[in-house]
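Here is the structure we will look at, set down as C-alpha cells.
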Amino acid sequence: MTDRGTDDVGTSEGRQTRRWSIVGPGIVVAATGVGAGDLVATLVAGAEYGYTLLWAVVLGVVVKIALAEATGRWHLATGSTIFAGWRSLGPWTTVYFVVYVAIWGFVYGATAMTSSALPLAAMFGGSIPAWGIPCGLVGLVLVWFGSYPLFEKIMTVLVGVMFVVVVGLAILVLPDVPAMLAGLIPTLPQGSGIYTLGLVGGVGGTVTMAAYGYWVNAKGWRDSSWIKVMRLDNRVAYITTGIFVAAMLVVGAELLYTANIALVESDRGLLDLDAILEQRFGPVIATLFLVGFFATSFSSLLGVWQGVSLMVTDFVRTRREAVAKTPEELQAAGQLSDDAERSTPFRLYLLWLTFPPIVLLFLGRPFALVVAYGALGAFFMPFLAITLLWLLNSSRTPREWRNGWLSTTLLVGAAVLFLVLCVTELMDTFG
C-alpha cells in the first residue's frame, strides 16, 4: 500500500519542502464523498433559497476538515488503524459493521453504477444496465489490478474534470457577487432547516471519511512526523470540494431560483439541468456538464470500491487478532500491511460491491432493503464523530496529539449535527 514515490522524502525538512507536491489522500476522500446526490441536493437548495444558504456550505467544509483531520491524526499519532481504535473501546463498536457493509455495499453498488451510467446514457444512448455494468467492471479492474498511486492519479484527474466543469459553469451563469457575500451571513429562511442540515452534513460526508486514515497510510505516511503534511492535504482537499459545491449552489441560484424551476430530487435531476443548459447555452456546454456529472459519479464509485474494501480488510484483520489480544495489545498491532489490496477479504468485498448489485439494475430496489440501507447508514457519521472524540481525548492517543479545544469543539458540533441528521433520516425512512 505504500506510495514509493514519497520514500525519498526522509527528513522532516524534506517533507515540508515537498508537501505541496505530495498531497493526495484528501482529494481522494473528498471526491469519494461528493456524489451526484450531493450535487442535486445543493442545486435544489440553490433553487429553493438562492444564495441564502451559502454559509452552510462553508460550515460543512469546516466540519469535514475537522473529522478527516481527526481520522488521519489517529492513524499517524498512534500507529494503529481506526478499527483497532474502535475495538479497543470494546466489541460493541463493530457489532453492526458486518450487516452494515453487506447491505450498504449491495445497495450502494447499484446506486453508484446507476449514477455513473446516467450521463453516459444521455450522451450516447442505451440503457442504464448497458452502461452501469461496464462502469462497475471498470472500477473492479482498476482497483483489483492497480496500486494506490495509480488510483490516486485517476481520482485526481476526475476531480480536476469535476472542478473545471462545475466552476466554469458557475462563472458562465454570471453569479450575483453581492448576493453571494450576503449568503455568507448565517440566516435560516422559513422551512430551510432540513436543507441547511443536508448542506452542512453533505459536503463529502460518508462512510469513506473513515477510510482517510487508510489512504494516508497507503500514501506512505506512517507516523506523527507526517501530521503537518496530512493537515495541509486535508485542508486543500476540502476547500477545493467546498468551492466545487458552492459553484453548484451558484448554478442552482442563477439558473433555477431566478426562473422558478424545480428539479427531480434524485440523480436524474442532473439530467433535467442538462436539458436546461442545452436550451440556454447550447449542446457543447450541456455535453461538458454531462462529462463533469460522470466524473463526479465515477470518482465516488472508484473511491468506495477501494476505500471501503480496505476497511473491510482491516475489520477482518482486527477481528482475528481481537480473539487473542487485549485492547491495548490490539491497538499496538499496527497498520494494514502493504499487500492488503491483494488480500482475500479486500477482493471478496470488491466482488460483492460489483456483481450482486447488478441484479438491482434490472429489478429496482426492494423496499425493505432500502429501509435497512437508510437506517444503517444514518448511524455511521454520528458514530464516527463520537468515537473520534473518545479516542483522541483518551490515553490511547499520545498526549501531544490529543484534541485541543478547537478540535474538541468541532467534533462535538459534528456529533450533534450528525445525530440530528440521523434522527431526521430515520424519521424519513420509516415515515
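Rule-based calculations on the coordinates, nothing more; no lab input. Given the structure is predicted, the values throughout are model-derived calculations rather than measurements. Note that each Cβ is placed from the backbone with ideal geometry, even for glycine, and that neighbours are counted across all protein chains shown.
Whole-Hz Karplus values for segment 412-429 come out as 4, x, 5, 4, 5, 4, 6, 5, 5, 4, 4, 4, 4, 4, 5, 5, 5, 5 Hz, taken residue by residue from phi with 6.51 cos²θ - 1.76 cosθ + 1.60 and θ = phi - 60°; glycine and proline positions read x.
Per-residue packing, averaged as other Cβ atoms within 10 Å, sorts the ranges 271-279, 380-388, 404-412, 151-159 into the order 380-388, 151-159, 271-279, 404-412, beginning with the highest.
At q = 0.09, 0.12 Å⁻¹ the log10 of I(q)/I(0) for segment 4-430 amounts to -0.53, -0.98, computed by Debye summation with a single uniform scatterer per C-alpha, solvent ignored.
Residues considered: 74, 221, 390. Largest GNM mean-square fluctuation over the chain, using C-alpha springs under 10 Å, is found at 390.
In this simple spin-label approximation, residue 123 and residue 164 carry label points 7 Å from Cα along the Cα→Cβ vector, and these lie 1.3 nm apart.
The simple spin-label model puts a point 7 Å past each Cα toward its Cβ; for residue 182 and residue 261 those points are separated by 2.3 nm. Ordering 188, 157, 215 by the projection of their Cα atoms onto the charge dipole of segment 150-272, which places +1 on the Cβ of Lys and Arg and -1 on the Cβ of Asp and Glu, puts 215 at the extreme positive end. Note that segment 26-36 has calculated 3J(HN,Hα) couplings of x, 4, 4, 5, 5, 5, 5, x, 9, x, 4 Hz, one per residue in order, obtained from phi through the Karplus relation 6.51 cos²θ - 1.76 cosθ + 1.60 (θ = phi - 60°); glycine and proline are x.
Protection proxy ranking for 32-40, 190-198, using the average of other Cβ atoms within 10 Å per residue and placing the highest first: 32-40, 190-198. On a 0 to 90 degree scale, rounded to 10, what angle separates helix 97-124 from the longest Cα axis of the chain? Rounded to the nearest ten degrees, it is 40.
Can you tell me how segment 29-174 classifies by the Cα gyration tensor, rounded, prolate or oblate, using a/c under 1.5 as the rounded cut? Oblate is the answer for segment 29-174, as a/c is 1.5 or above yet b/c matches or exceeds a/b.
Working ranking of peptides 289-300, 123-134 by packing, defined as the average number of other Cβ atoms within 10 Å per residue, highest first, is 289-300, 123-134.
Per-residue extension of 0.36 nm, minus the Cα-Cα distance of residue 130 and residue 399, leaves a gain of 91.4 nm for this segment.
Between residue 141 and residue 342, the simple spin-label model (points 7 angstrom out along Cα→Cβ) gives 2.1 nm. Applying 1/(1 + (r/R0)^6) with R0 = 25 Å to the Cβ-Cβ distance of residue 96 and residue 171 gives a FRET efficiency near 0.05.
Pairs of lysines in the chain whose Cα atoms sit within less than 21 Å of one another amount to 4, provided the residues are eight or more positions apart or on different chains. When only the Cβ of Lys, Arg, Asp and Glu is charged (+1, +1, -1, -1), the dipole of the chain relative to its Cα centre reaches about 920 debye.
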